[in-house]
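The structure under discussion appears below in the form of structure tokens.
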């Protein structure tokens, strides 16, 4: 199992770097845990990147779990209608 601690900022500025980190996880893990408890700033591009990650994980049969989700991340995902896609209902 691999754990990815999301940084405090999850915006378009960080998207390319985060995307590379996420894709590398698929090479070495069958279970990935995302920790979004420290996310303080998030935009649509950041949430969309997470949604794309979840879709790719499903296609590769990699299980994704959440160990925490900040209020800001929860709010952004909900406003964009992606909370269910991100499977945030099971997040702490």
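Here are the numbers:
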quantity	calculated
Ranked by how many other beta carbons lie within 10 Å on average, peptides 42-52, 15-25, 60-70 from highest	42-52, 60-70, 15-25
Rg/Rh (Cα only; Kirkwood hydrodynamic radius) as it applies to the stretch 1-87	0.92
Rel. contact order, % - alpha carbon contacts under 8 angstrom, at least six apart, the stretch 2-90	34 percent
Ellipticity estimate at 222 nm from DSSP helix runs (n ≥ 4, -39,500 (n - 2.57)) divided over the chain, nearest 500	-14500 deg cm²/dmol
Gain on full stretching of the segment that runs from residue 65 to residue 7 - 0.36 nm per residue minus C-alpha separation	19.2 nm
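Values in this text are rule-based calculations from the coordinates and carry no lab data. Just so we're clear, the structure is a prediction, and the values are computed from it rather than from any experiment. Reconstructed Cβ throughout: ideal geometry from the backbone, glycine too, with neighbour counts over all protein chains shown.
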